[in-house]
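One structure is given here, and the rest of the page talks about it.
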Amino acid sequence: MRGLSILVGFHAVGLGLHRLGVPLPAGVLGLLLFLAALMTGVVKLKWVERTAGLMVRHMLLLFVPLLAGLTVMGDVLRKDALALIASTVVSLLAVLLTTGGLANLLLGDVVDAKPGDATID
Amino acid sequence: MRNQGTQRLTEIVLRAVLAIGVTVALYWAALHTHRRWTWANPLITTTAAVVVVLYALRVPYETYRLGSAVLTYLLGPATVALGVPMYLQGMRLKQSLGKLALVVLVGSLVGMVTAGGVAWMCGASHEVVASAIPKSVTTPIAVEVCEELHGNPAITVAMVLITGLLGSALGPWLLDLVSIRHDHAVGAAVGTSSHAIGTASLIQRFEIQGSVSSLAMVMAGIFTSVLAMVLSWFWH
């Protein structure tokens, strides 16, 4: 419960800052503050590790209600179908290839640390 | 009056328990299905099953959306939770952090320009263009960016999900085709383009790719929201 309270708390602070007029999204503000708190040691990793791991691992569950909403979006999807499909596919390929290519150039010589030094869970 | 209030509250709680209970149960079943048949993406199977249940019981989507609001709300704290993989992977990949950030920044910019640009060239409305711009980043951040740009979050969600599914299915294959095989390059490309869904598929295959990918995904979300902030100053 402590882990969840901390995450909910940071999100609430993000919401508050956003309402006060900070132009970044609430979740991103909460994330940046949380990251700063982890780096300065204000929040200890072990307080949040389990809850955060659980949430990140099962984030797909949280998308289900939104994705089910597609069933009532038929009109919007039909009207701009071409734009939506073209934009999705072209942009995906462009990002994959430019990011992959640039990363190959800049990060292609990186030798990995031992696996298992840190894990996501 | 009090009785009516109590009844209304009972209704809300019951609706939430049912909607969330059914969703979680179907998700659990989908995870088991996924273990048996790995091609069955749990997000698609869960959603398809939910849609079938709603249809069979004649429950309108709006009722289900209200009932499952807690799950959608949790995307906010889940965005904050992304700080943990970012912190862990950031420590682990310390030596290449600056270069990775540069790569992801360029990738995020390319993603926003191509997504918005192509939609605009196809003659889409302002609303659709605005909804397309954040489609490469993780859903909770994409929805918030879309709202900042006055787009329609429903469109963004659909595009984000399709991008993620396509990216996780085609990404590693396409990169292999053009000889991009270094773990860090594959991770950066999939994380920047296909957010959490792509990252999840990489983690199952190669741990280090998933690690770079999850870092790239969070960085892309942050960069995109900053770039969108700048964009909205000029656009509106």
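Quick notes on this one:
- Members of segment A:9-24 found to be under 15 Å from B:Leu74 (Cα atoms) and open to solvent by less than 50 Å² (accessible area, probe 1.4 Å), listed by number: A:Gly9, A:Phe10, A:His11, A:Gly14
- The single condition from (1) under 26 Å from B:Val230 (Cβ atoms); (2) crowded, with 20+ Cβ neighbours inside 10 Å that B:Leu109 fails is (2).
- Among the conditions (1) over 20 Å from A:Leu67 (Cβ atoms); (2) in a helix (DSSP H, G or I); (3) of a type outside the set (Val, Ile, Thr), B:Gly123 misses just one, which is (2).
- Test set (1) in the same structural domain as A:Val8 (by TED's automatic domain parsing); (2) open to solvent by 50 Å² or more (accessible area, probe 1.4 Å) - A:Leu45 fails condition number: (2)
- Counting only helices (runs of 4 or more DSSP H) wholly contained in segment A:24-113, the ones carrying 2 or more residues that are out of contact with any Ser or Thr (no Cβ under 9 Å at 6 or more places or on another chain) occupy A:26-40, A:45-57, A:74-79, A:81-107.
A quick yes/no check of all residues on (1) surrounded by fewer than 24 Cβ atoms within 10 Å (Cβ to Cβ); (2) at the interface with chain A (Cβ under 7 Å from one of its Cβ atoms):
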{"residue": "B:Pro140", "(1), (2)": "no, yes"}
{"residue": "B:Met159", "(1), (2)": "no, yes"}
{"residue": "B:Leu165", "(1), (2)": "yes, no"}
{"residue": "B:Ala169", "(1), (2)": "yes, no"}
{"residue": "B:Thr192", "(1), (2)": "no, yes"}
{"residue": "B:Leu202", "(1), (2)": "no, no"}
{"residue": "B:Leu227", "(1), (2)": "yes, no"}
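- Some residue of segment B:61-83 being over 16 Å from the mean Cα position of the chain (by Cα), buried (at least 19 other Cβ atoms within 10 Å of the Cβ) and more than 28 Å from A:Ala68 (Cα to Cα): no
- Residue satisfying condition, being under 15 Å from the mean Cα position of the chain (by Cα) and facing another protein chain (nearest Cβ under 7 Å), within set A:Leu60, A:Leu67: A:Leu60
- On inspection, B:Ala185 does not qualify as of a type in the set (Gly, Ala, Ser), buried (at least 19 other Cβ atoms within 10 Å of the Cβ) and more than 7 Å from chain A (Cβ to nearest Cβ).
- Taking segment A:1-23 as the range and being more than 8 Å from every other protein chain (Cβ to nearest Cβ) and assigned to a helix (DSSP H, G or I) as the test, the residues that pass are A:Arg2, A:Gly3, A:Ser5, A:Ile6, A:Gly9, A:Ala12, A:Val13, A:Gly16, A:Leu17, A:His18, A:Arg19.
- Being within 20 Å of the chain's Cα centre (by Cα), within 11 Å of another protein chain (Cβ to nearest Cβ) and open to solvent by 80 Å² or more (accessible area, probe 1.4 Å) is true of B:Trp28.
The values are calculated or read from the model by the stated rules, or taken from the named source; none is laboratory data. The shown structure was predicted, so the numbers you read here are calculated from the model rather than taken from an experiment. Using ideal geometry, Cβ is built from the backbone for each residue, glycine included, and neighbour counts are taken over all protein chains shown. All accessible areas refer to the heavy atoms of the entire protein, side chains included, with ligands and DNA or RNA removed. Shrake-Rupley method; radii C 1.70, N 1.55, O 1.52, S 1.80 Å.
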